[in-house]
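Presented below is the structure to which this report refers.
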Amino acid sequence: MAMTLDGKVMRPDGKWYGLSSRKDKVRMDEYRSSAEILIVGKNSIINDDPVTHLRYVSSPNPRVVLLVRKGSIPLDRKIFKFYEKKPILFCTQENYDIIKSTHSEVSEIIRLSDSLPVEEILESIFRMGYRKILLEGGPTLNRIFLEKDCVTDLYLTLVPFLIGKEDLLSICRGESALDSFDQNKWDLTSVEKVENEVFLKYKRYRSSGRPAP
């Protein structure tokens, strides 16, 4: 994730465009190139229409996984235009019929038993033979995986802007605090300054003191 100096991950209009540099986009591709799976949420696709295929790194593209709890995603998004393998689209019983009728030609659809059960999603991905997963959020999706303690590494880009609007989202969205947030340790393993941006890497440590796998 990338965030401003005051912890925001979007502009006042709810979009991200223009806040990170080309160097940050190159760094993002470097992170993606080490992954087999790239998980993206519905809101990110609708609001930002991100480019998820690699542009700055010569490497196989990670396969994209979409999590769509309600409704659908417009078919004109870049995610359905640029891919080597069809995106995997997880949906629920509630929106399965509409997703199947509109997205069956551009995605591999998997119906979930519940809203967004993280364990079931990861089990399905593992059964396909994938192990290296990069979660690109946004904030709601990040919260779901953090609540289940399924994040082992955090890549954070600090961008040189102050927005100041109080109701803009941070990297993790929720009405309550994460359980034991002050006991679950994140170790800062790398700091790199490139012009006016700072690239940070954190490693998750269990409360036992053992590093996450």
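Each residue in segment 150-181 was checked for being outside any strand (DSSP E or B), within 24 Å of E195 (Cβ to Cβ), touching an Asp or Glu at 6+ places or on another chain (Cβ under 8 Å) and among the aliphatic types (A, V, I, L, M), and 2 pass.
What about K201, is it loosely packed, with under 10 Cβ neighbours inside 10 Å, out of contact with any Pro (no Cβ under 8 Å at 6 or more places or on another chain) and not in a loop (DSSP other than H, G, I, E, B)? No. Given the criteria under 22 Å from I121 (Cα atoms), part of a loop (DSSP other than H, G, I, E, B) and either at pLDDT 95 or above or in contact with a helix residue (DSSP H, G or I) (Cβ under 8 Å, 6 or more places away or on another chain) (or both), does R69 qualify? Against the criterion (under 22 Å from I121 (Cα atoms), part of a loop (DSSP other than H, G, I, E, B) and either at pLDDT 95 or above or in contact with a helix residue (DSSP H, G or I) (Cβ under 8 Å, 6 or more places away or on another chain) (or both)), R69 qualifies. For segment 44-51, the criterion of being assigned to a loop (DSSP other than H, G, I, E, B), at pLDDT 95 or above and either crowded, with 17+ Cβ neighbours inside 10 Å or not hydrophobic (A, V, I, L, M, F, W, C) (or both) is satisfied by no residue at all. The number of residues in segment 56-70 that are free of Cβ contacts under 8 Å to residues at least 40 places away in the same chain and either over 19 Å from the mean Cα position of the chain (by Cα) or surrounded by 13 or more Cβ atoms within 10 Å (Cβ to Cβ) (or both) comes to 7. Looking only at segment 87-133, count every residue that is among the charged types (D, E, K, R), out of contact with any helix residue (DSSP H, G or I) (no Cβ under 9 Å at 6 or more places or on another chain) and farther than 22 Å from L146 by Cβ and tell me the total. Residues that pass the stated criteria total 6. Among the residues making up segment 73-106, those that are within 19 Å of E136 (Cα to Cα) and surrounded by 15 or more Cβ atoms within 10 Å (Cβ to Cβ) are I73, R77, I79, F80, Y83, K86, P87, I88, L89, F90, C91. Taken as a whole, the condition of being part of a loop (DSSP other than H, G, I, E, B), of a type in the set (V, I, T) and touching a residue at least 40 places away in the same chain (Cβ under 8 Å) does not apply to I121.
For D149, the conditions (1) in contact with a strand residue (DSSP E or B) (Cβ under 7 Å, 6 or more places away or on another chain); (2) more than 24 Å from T4 (Cα to Cα); (3) surrounded by fewer than 18 Cβ atoms within 10 Å (Cβ to Cβ) all hold with the exception of (1). Looking only at segment 32-42, residues that are surrounded by 19 or more Cβ atoms within 10 Å (Cβ to Cβ) and either in contact with a Gly (Cβ under 7 Å, 6 or more places away or on another chain) or part of a loop (DSSP other than H, G, I, E, B) (or both) come to 2 in all.
What's the total number of residues in segment 165-186 that are surrounded by 11 or more Cβ atoms within 10 Å (Cβ to Cβ) and either closer than 18 Å to M10 by Cα or at pLDDT 95 or above (or both)? Break it down stepwise before answering.
If we filter segment 165-186 for residues that are surrounded by 11 or more Cβ atoms within 10 Å (Cβ to Cβ), which is where we start, we get 168-174, 178, 184-186.
Filter once more, keeping what is either closer than 18 Å to M10 by Cα or at pLDDT 95 or above (or both): 168-174.
The number of residues fulfilling the criteria is 7.
Within segment 90-111, track down each residue that is of a type in the set (D, E), under 26 Å from S59 (Cα atoms) and part of a loop (DSSP other than H, G, I, E, B).
From segment 90-111, those of a type in the set (D, E) are 94, 97, 105, 108; that's our starting set.
Checking the rest, the ones that are also under 26 Å from S59 (Cα atoms) come to 105, 108.
Passing the criteria: only E105.
Assessment of segment 75-89 against the conditions (without any contact (Cβ under 8 Å) to a residue 12 or more places away in the chain and in a loop (DSSP other than H, G, I, E, B)) yields at least one matching residue.
The values are calculated or read from the model by the stated rules, or taken from the named source; none is laboratory data. For clarity, every value in this text was computed on a predicted model and none was experimentally measured. Backbone-built Cβ (ideal geometry, glycine too); neighbour counts: all protein chains shown.
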